[in-house]
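Below is one structure, written out as C-alpha cells, with a few remarks after it.
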Amino acid sequence: MLSRIADSLFWLHRYMERADGMLRLLKTSYILSFDKVQTNSITWEPALKIFTSLSPQEIEVLKKNDTAALQYILTDTDNFNSLKVIVTRARENARGVQDQITKEVWEQVNHFYHLINHPALPEKLSGPDAIVVIDALIHSCDQFCGITDSTMPRGQGWNYMNLGKFTERCLLTAEFTSAFYKKIDFDFTNEQDILYWRSLLLALSGYELHLKNYSNQNHNYNVAQQVLFDRNFPRSLYYAFERAHRYLLEITATNPVEGTAKLDRAFGRLHSYVKFSDLAIIGDPGLEKYLLIIRKELNDFGKLFGQIYFSYS
Amino acid sequence: MSIFRIHHITKYEYDRPVKESVNNITIYPYQSADQETLQQELVITGNPDVFTYTDYWGNKEGTFNLLTPHREMVIESKLLIRTLALPDIQVPWDVFMPELDAVIGSDLQLLELARASPVKAVSVMYDYINQIAPANKNITQIIADTCDLIYTHFTYIKGITTIESTVDEILEKKAGVCQDFAHVMLELLRMMNIPARYVSGYICPNKNGMRGEGATHAWVEAYIPGYGWAGIDPTNNVWVTNTHVRLAVGRNFTSCSPVKGTFKGPARQSLSVYVSVGYEDGETFEELNSVQLQKQGENEVPEIIIDTFAGQQQQ
Amino acid sequence: MTGDLLFQQYPFVPHIWDEMKDAEAIRRQYLSIYETVSKLSLQDLEKKDSLASELFMSQGITFTVYSDNEGIERIFPFDIIPRIITSTEWEHIESGIKQRLKALNLFLKDIYNEQQIIKENIVPAALIATCPHFTREIFGIQVPHDIYVHIAGIDLIRGDDGRFYILEDNLRTPSGVSYMLENREVTKRIFPDLLASSNVRMINNYPLLLHDNLVSLVTRQTEDPVIVLLTPGMFNSAYFEHTFLARQMGIQLVEGRDLLVDNQKVYMKTTAGLRQVDVIYRRVDDEFLDPLVFRPDSALGVPGLMSAYRKGNVAIVNALGNGVADDKAVYAYVPAMIKYYLNEEPILPNIPTYQMKNTDEREHVFANMHKMVVKETNQSGGYGMVMGNSATEVELENAKKAILANPRSFIAQPIIQLSTVPCLIDGKLQPRHVDLRPYALCGPNGIDIVPGGLTRVALREGSLVVNSSQGGGSKDTWIVDMEGGH
C-alpha cells in the first residue's frame, strides 16, 4: 500500500474519532451551560482546553460566552482544530483515497462535510436549535462508524484506519479524564456528587453503564476504575489500547520494515502500562502523572509510527 | 597554450537534516577543440553515482541524488586543463549583416539564439543600440562596440544583484557582476539579430588582474559567419582567448547554472562557493563567496511542537 | 406529444449538414433510432433523460468547477439520443487518423533527434524556434519503440459538405475517454434493446488495450512490473477520470509525492518500503513533471524523473515534448509531414489555416474577420478563441491588436459550420452542432482506435463551441455496421 494512502486512512479515522469525542463533550457542556446555579461550573472550560490552543486568559473570557465558545470550537476556521477544519481534513483524506474506500464511506464523509458547511449552521448554533445541530452531527458520526464497519473490506487499509481510530480514542479518554480529575486535584478520597461525574461519563457515553455496574458511592474511585480499566467499556483506556495494539500487530506483521521491531516494543511497553495496572498501583505516581506519561508516550509513538510508515512527504 | 589547475568547491549547509536531495551539475569542461581536459576529479558527499549526459546545447551534465538525511552537501571538482587558443584572436573584420542573415536562415539553434526575450525598458535598449550604430558596420565591430558600451556604462559591483535578476533590473541599476553584464550584452546582440549565447566558466589570471578572477565567471559568445562562435567578455572588455576556461553554453544563465538541486525537509540552506585557479607553476588566485539563496518552498514552516492534544495534526 | 411528432417537427436548416436528416428524409443509419423513439411518448423520453442524469450523479461522474476557492462538482451534460456514424464513414476516419499519427510520431522522433524535416525546409525552423512547446530538455532522449504519442485524442469536425476534417491534434494528455465509456454504459441502461439490435461496435475494451500497451513498455526483467497513473491530485478537474482509469486497469493511482528517484530509477513509497516503478501513465503536464528540469516551483512532479527517463529506466506515457506537434501553427504543416515521411496524400484534410506571421495571409484574414475564427496557438479547451461571426467590433479590433503584437501566437481559420445532430432539449428534438474525438492508442504492434469516441455537443442554439468548460455536453457515439441491418 502506498504510504500516502495508509497515512490518509489513518488520519481520516483519527479526525472522525476526534470529531465524535469533541461533539459528545460539547453536548454535555452545552446542557450544563443552562445550569448557571453552579458557580464553579465546568461548562466550556474542558472543551476549550482540550480542543483548542487558546491561552488560559483567552479561555477565561470565552468560557463565559456560550455561543462564542460553541462557534469557536465548531465552525471557526481560525481555530486550526475546529470541527469544521478537521472534518475538511478528513474529507480531503477520503477524497485522495477514493479508490481505496467504499462509495458508502465516501458519501458519508461527504455528507458530514456538507452538514458542517451548511450556510444556516452558524445562525442555528447561536439559537435554541444548537442542540439539534449537535445531535445531527453526532448522529452523522455514528453513521460513519456503522457504515465503515459494515462496508469496508478487512485488510491493510482497515488496519491503518482502526489503529488511527483507537489511538485517537486512547488520547481522548486520557484527556477527558485528566481534565475532570484536575478539578478535584486528582483526589480519590473526597466524594464528588454523581452530577459532577455525569458530565464526564456522558461525554464518554458511559453514564448508563456506570449506573448499572457501579455502586452509588465512592464515585471518584469508581469513575476512574470505569474509564481507565473497565474491559467491557468501549471508551476505556484498557479497551482502546487492546484494540489499537491488535491492529498495530497486524500492520507490523504484514509490513515488516526497518524499525517495526522498535515500534512493537514501544507500543507493547505502553500497553502493558495500562493492561497490568490498577488504581492501587497508580496511587503511587498519582493519576495526574500516570495520564501524563500515557499521553506523552502515545504522542511519541504516533511520531515514530508516522516516520516509519508515512514518510513520503 | 596554458595549463591551469582549478579547484571548485560548492558547499550547501542545512540547519536541519534534509533528505531526497536530487541535483544537476554543469561543472564539466565544455567539449571543444580549443580546450583539453587533462584530468578531472569529482568528490561529492556520500559518493553517489553521477549519471552524465550531453544536453541540447552540447554541454556535459551530471545528475545524482542523496536519499538519506544529511545536513551538508559538498561538491568538489579538481580540474587540470589545457587551453589551446592563441593569445590573440583572429576574428574577421569584413563580414556584414546580410551574410549573417543568410547563414541564420534555417538553422534552428542560430534562430533560437538570435531571438530576443521581451524586456520592458525597450527604449533604453534602443538608445544603446543607437549609440552602437550598427548600420553599415561589420559584425565583429558591432560585437566589439557592444562589449565596450557595456563595459563603459555599467559598474562592476558585487552583491547588488542576485542570480535571478532580470535584464530590466540590471538596466535600472546600471551595475552588477559578470552574469549581469553577459545578460545585457546577449539581449543587445539579439535585438540586433546577432546570435549570441551565454557562457559559464572560469577566468584565469594574467599579469593585469581581471575582474572575476578566482571565481566562476560568465561571458558571451557571438556568431560570426565564416568564423563561428567568438568569445567576448563584457566584464573585462576583452576578446576571449586562452585565459578563459568554458564549462557550458546556453541561451542564458538558467541553462548553464553550475549546480542546481532540490531536497525535502523544512530546512534553511546556505551556500558557499570556493574557487581557486592557478597556473601549473603554482601561482594561485582564490576566492570564497557566500551566496544569498532564495528560500526553497516551505522552508519557513516552524517545527511543530506536539505536546498539546489540539496540536496533534496530520503533517 | 408522441415521438413521431418530435421527428416531424425536426427542422431542416439549409447549408448545414445534419447527420440524421437530409432535405428529404431521415438517413438510413438513423432509422432504427427513429423506429424506437417514435413509438415512445415525450414523457418516456424525459424519464430516460432524468434516469441518465441520476446515473451520472450517483456514480460521481463529475468534474470540478472552481470558484471562490470552493469546488463545485457538476455532471457533464449528456444527451440521450446517440450519434451515429456508419462503418464506411468510420473506416475512412480510422485510416485517416492512423496515417496522421504515424506521421506525427515520425515528426516527433525527427524533431528531437536528426531534425531532417527542418534541414530540408519542409517545416520552417523559425516556427520551431518560437514554439513554446519545443522541449530542449528532452532532446536526444530515446523512447521505447520510438513511440511518442501513445494516446491521442484527435478532434474531427464535419463540414457542410459532409466531409470530416481534422480540427486539432491533441497529443499531450487528452482527456474525456471516461465519458466515452460511461456514456455507453448509460445508453445500455436507457436503450438496452435498441443497442442490442443495431449492430453497434463495442468500445469497452479501451482500458484493456491501454493496459496492454503500457505493459509493453516495461523493459525490466520482472514478474511483477509496476505501472502507475500519475495524477496532479484530487483538486484537478479530471480527477474522476484518473481514478476511473486506474480502477479499470487495476493500476496504482499515485501523486508526485508518492514517488522518488534514486540512481535514475523511480520508486513509489509504500508501507513495505520502496518499490520500483516501470511505467508512468501521467496526467500531469510536462512543465510540472520534474522540478529539477522544468518549473522549480512544481509540487506535482518528481525531482530527477527526467534522468530516469533519459536512462531508459522508466517509460512515460505520453512522451514529453509532444506539444511541438500539436501546436496550432505547426498543425498547418501536418499534411506536408504526411507527404514527407510517408509519401502519401493525406486521407483526412486539414482546415485551411492562415499563419499570422505571414503578412499576406494576415492581410487576407483582417479583410475577412467576420468569416474567421482566430485561435491562440498554445491555448486549448476553447480558451483564447475569437469567432468572427459572433464577436463584437471591439473584440475584433482587440484581436487584431493582439495579433499584431505577437503574430506567432495566433492562427486563423475560416469558420466551418459544424454538422448537427438531434438533441432532446426543452421537450423537442433540436439540431445542435457537434465534433468528434476518437481515442487512438499507439503500441508496438500498431495503432488501435476503439470504434466510437466522444461526441461533444454545443448545447446552446447556433453555438459552434463544444468544450465542456464553455457549456458543452456529450453524446454516446455509435459506429454501426449497415450491411447486416435494414
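The values are calculated or read from the model by the stated rules, or taken from the named source; none is laboratory data. Quick caveat, the model's predicted, so the values are computed rather than measured. Using ideal geometry, Cβ is built from the backbone for each residue, glycine included, and neighbour counts are taken over all protein chains shown.
Check B:ASP94, B:ASP127 and return the single one that is of a type in the set (D, E, K, R), away from chain C (no Cβ under 14 Å), surrounded by fewer than 17 Cβ atoms within 10 Å (Cβ to Cβ) and assigned to a helix (DSSP H, G or I).
B:ASP127
Return the residues of the stretch A:78-117 that are over 20 Å from the mean Cα position of the chain (by Cα) and outside any helix (DSSP H, G or I); say none if nothing qualifies.
Hits for the stretch A:78-117 are A:ASP78, A:VAL97, A:GLN98, A:ASP99, A:GLN100, A:ILE101, A:THR102, A:ASN117.
Does B:ASP101 meet the test of being outside any loop (DSSP other than H, G, I, E, B) and surrounded by 13 or more Cβ atoms within 10 Å (Cβ to Cβ)?
Answer is no for this residue.
Filter the stretch A:147-163 for residues that are crowded, with 22+ Cβ neighbours inside 10 Å and among the hydrophobic types (A, V, I, L, M, F, W, C) and give the result.
A:MET161, A:LEU163
Considering only residues that are modelled with pLDDT of 95 or more, in contact with a helix residue (DSSP H, G or I) (Cβ under 9 Å, 6 or more places away or on another chain) and assigned to a helix (DSSP H, G or I), which ones fall in the stretch A:147-156?
A:ILE147, A:THR148, A:SER150, A:THR151, listed by residue number.
If you go through the stretch C:222-234, how many residues are more than 9 Å from every other protein chain (Cβ to nearest Cβ) and closer than 16 Å to C:ALA299 by Cβ?
3
Does at least one position in the stretch A:101-115 carry a residue that is away from every other protein chain (no Cβ under 14 Å), within 26 Å of A:TYR30 (Cβ to Cβ) and surrounded by 18 or more Cβ atoms within 10 Å (Cβ to Cβ)?
yes
Got a sec? Which of C:MET1, C:MET20 is at pLDDT 95 or above and not basic (Lys, Arg)?
C:MET20
Starting from residues that are part of a strand (DSSP E or B) and more than 10 Å from chain C (Cβ to nearest Cβ), keep the ones in the stretch B:241-268 and report whichever is surrounded by the most Cβ atoms within 10 Å (Cβ to Cβ).
B:ALA248
So, in the stretch C:210-264, of the ones that are of a type in the set (D, E, K, R) and touching a helix residue (DSSP H, G or I) at 6+ places or on another chain (Cβ under 6 Å), which residue ends up nearest to A:ALA90 (Cα to Cα)?
C:ASP258
Are any of the residues in the stretch B:145-166 modelled with pLDDT under 95 and either within 14 Å of chain C (Cβ to nearest Cβ) or within 30 Å of C:GLN116 (Cα to Cα) (or both)?
yes
Which strands (runs of 3 or more DSSP E) sit wholly inside the stretch B:11-75 and have at least 3 residues that are more than 9 Å from chain C (Cβ to nearest Cβ) and either modelled with pLDDT under 95 or touching a Leu at 6+ places or on another chain (Cβ under 8 Å) (or both)?
B:35-44
Can C:TYR354 be described as of a type outside the set (Asp, Glu) and either within 24 Å of the chain's Cα centre (by Cα) or within 14 Å of chain B (Cβ to nearest Cβ) (or both)?
yes
Matching residues to (1) modelled with pLDDT under 90; (2) within 25 Å of C:VAL334 (Cβ to Cβ); (3) in contact with a helix residue (DSSP H, G or I) (Cβ under 7 Å, 6 or more places away or on another chain):
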position: C:ASN350; (1), (2), (3): no, yes, yes
position: C:TYR354; (1), (2), (3): no, yes, yes
position: C:ASP360; (1), (2), (3): no, yes, no
position: C:GLU376; (1), (2), (3): yes, yes, yes
position: C:GLN379; (1), (2), (3): yes, yes, no
position: C:GLN413; (1), (2), (3): no, yes, no
position: C:ILE425; (1), (2), (3): no, no, no
position: C:GLN430; (1), (2), (3): no, no, no
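Residue by residue through the stretch C:204-242, note down the ones that are surrounded by 20 or more Cβ atoms within 10 Å (Cβ to Cβ) and hydroxyl-bearing (Ser, Thr, Tyr).
C:TYR206, C:THR231, C:TYR239
A:TYR160 - would you say it is in a helix (DSSP H, G or I), more than 18 Å from A:ILE293 (Cβ to Cβ) and within 18 Å of the chain's Cα centre (by Cα)?
Yes.
When you look at A:THR43, is it touching a Ser or Thr at 6+ places or on another chain (Cβ under 6 Å), farther than 21 Å from A:ASP149 by Cβ and either of a type outside the set (Lys, Arg) or in a helix (DSSP H, G or I) (or both), yes or no?
The answer is yes for A:THR43.
Quick one: which of C:SER53, C:SER32 is in contact with a His (Cβ under 8 Å, 6 or more places away or on another chain), modelled with pLDDT under 95 and within 22 Å of C:VAL457 (Cβ to Cβ)?
The match here is C:SER32.
Filter the stretch B:178-191 down to the residues that are surrounded by fewer than 23 Cβ atoms within 10 Å (Cβ to Cβ) and aliphatic (A, V, I, L, M) and list them by number.
Correct list: B:MET191 only.
So which pairs qualify, if the first residue must be in the stretch A:61-77 and free of Cβ contacts under 8 Å to residues at least 24 places away in the same chain, the second must be outside any helix (DSSP H, G or I) and not aliphatic (A, V, I, L, M), the Cβ gap must be under 8 Å, and the two must be at least 6 apart or on different chains?
Correct list of pairs: A:LEU62/A:TRP44; A:LYS63/A:THR43; A:LYS63/A:TRP44; A:ASP76/A:SER82.
Residues that are out of contact with any Lys or Arg (no Cβ under 7 Å at 6 or more places or on another chain) and within 13 Å of chain A (Cβ to nearest Cβ): list the strands (runs of 3 or more DSSP E) wholly contained in the stretch C:238-300 that include at least 2 such residues.
Answer list for the stretch C:238-300: C:252-254, C:265-270, C:273-276.
Among the residues of the stretch C:446-472, write down those that are polar (S, T, N, Q) and at pLDDT 95 or above.
C:THR455 - this is the single residue of the stretch C:446-472 that is polar (S, T, N, Q) and at pLDDT 95 or above.
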